[in-house]
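The values are calculated or read from the model by the stated rules, or taken from the named source; none is laboratory data. Note that this is a predicted model, so its numbers are computed, not measured. Reconstructed Cβ throughout: ideal geometry from the backbone, glycine too, with neighbour counts over all protein chains shown. Calculation scope for accessible area: heavy atoms of the full protein, side chains included, ligands and nucleic acids excluded. Shrake-Rupley method; radii C 1.70, N 1.55, O 1.52, S 1.80 Å.
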Amino acid sequence: MAQSLPLVLVPGLTCTARLYGPQIAALWPFGQVTVADHRRDADMAAIAARILKDAPPRFALAGLSMGGYIAFAMLRLAPERIAKLALLDTSARPDTPEQTAGRNTQIAMAQSGRYGEIPDLSIPRYLNAKHQRDERLTTIVRQMVMETGPEAFVRQLMAIMSRPDSRPLLASIRCPTLVLVGDADIATPPELNKEIAAGIPGAKFTTIAESGHLTTL
């Protein structure tokens, strides 16, 4: 029997292992599944280095949103260790000035005791409009935000704001790659994901119907 390939899953901003609950249940019979902790550093390269330090020697990698940004950072540091890649609801572009301004506002909220308001800001961006009254999904989003906490949230935003442009990296990615996005994703719209797929040789692109940003849920 062929040896199974370990899988490392990287969550998005304010997301925890709950983001991949359905996938963990489906995939664990096929090999080791690890959910990376991306809450401890305020720099993409530092986050990537910490995950790589704890990861198997060679593995499959999947990242959603911020997890995709981290995946790009991991590819910069150790492309030879990543055997397969899935980029979910993400972007290869750096922050726009408007995005950075919004993140700075959220940092100020978190630092002034208003972190409890973040879930209400996140749900409209994370979930398709059809699902924003789905109590199961909104409860998961709220739980993940609270599990992340304000200090880690600020670190995550700082890392996101300072991330480099990953578009020049795309052509160098040689492992089999899936790029997947919800067709109603407003946080990282389908065109941004199509750009990634077009830039990676041989990448497969697919959309999930009636899904917003958190396609794994």
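So Tyr20 ticks every box in (1) touching a Ser or Thr at 6+ places or on another chain (Cβ under 6 Å); (2) outside any helix (DSSP H, G or I) but one. Which box is left unticked?
(2)
Of the conditions (1) assigned to a loop (DSSP other than H, G, I, E, B); (2) under 30 Å from Glu80 (Cα atoms); (3) open to solvent by less than 10 Å² (accessible area, probe 1.4 Å), Asp185 satisfies every one except a single condition; which number is it?
Status for Asp185: all satisfied but (2).
If we keep just the residues of the range 79-138 that are part of a strand (DSSP E or B) and touching a Gly at 6+ places or on another chain (Cβ under 8 Å), which is nearest to Ile186 (Cα to Cα)?
Leu88
Between a first residue in the range 49-67 that is under 19 Å from Leu88 (Cβ atoms) and a second residue that is among the basic types (Lys, Arg) and not in a strand (DSSP E or B), which pairs have beta carbons less than 9 Å apart while being 6 or more apart in sequence or on different chains?
Once the first residue is under 19 Å from Leu88 (Cβ atoms) and sits in the range 49-67, its partners that are among the basic types (Lys, Arg) and not in a strand (DSSP E or B) give Ala55/Arg81; Phe59/Arg81; Leu61/Arg81; Met66/Arg163.
So how many residues does the range 199-217 have that are open to solvent by 40 Å² or more (accessible area, probe 1.4 Å) and either free of Cβ contacts under 8 Å to residues at least 60 places away in the same chain or assigned to a strand (DSSP E or B) (or both)?
8
State whether the residues of the range 146-161 include one that is more than 25 Å from Asp43 (Cβ to Cβ), touching a residue at least 12 places away in the same chain (Cβ under 8 Å), among the β-branched types (Val, Ile, Thr) and open to solvent by less than 70 Å² (accessible area, probe 1.4 Å). Explain how you work it out, then say what you get.
The initial filter retains those residues of the range 146-161 that are more than 25 Å from Asp43 (Cβ to Cβ), namely none.
Looking through the range 146-161, none of the residues is more than 25 Å from Asp43 (Cβ to Cβ), touching a residue at least 12 places away in the same chain (Cβ under 8 Å), among the β-branched types (Val, Ile, Thr) and open to solvent by less than 70 Å² (accessible area, probe 1.4 Å).
Identify, by number, the condition in (1) open to solvent by 10 Å² or more (accessible area, probe 1.4 Å); (2) over 21 Å from Ala26 (Cα atoms) that Arg136 doesn't meet.
Unmet for Arg136, out of (1) open to solvent by 10 Å² or more (accessible area, probe 1.4 Å); (2) over 21 Å from Ala26 (Cα atoms): (2).
Mind listing whichever residues of the range 89-141 are farther than 29 Å from Ala73 by Cβ and aliphatic (A, V, I, L, M)?
Passing the criteria: only Ala129.
Gln111 versus (1) among the polar types (S, T, N, Q); (2) more than 25 Å from Leu180 (Cβ to Cβ); (3) open to solvent by less than 60 Å² (accessible area, probe 1.4 Å): which is the lone unmet condition?
Just one mismatch for Gln111, condition (3).
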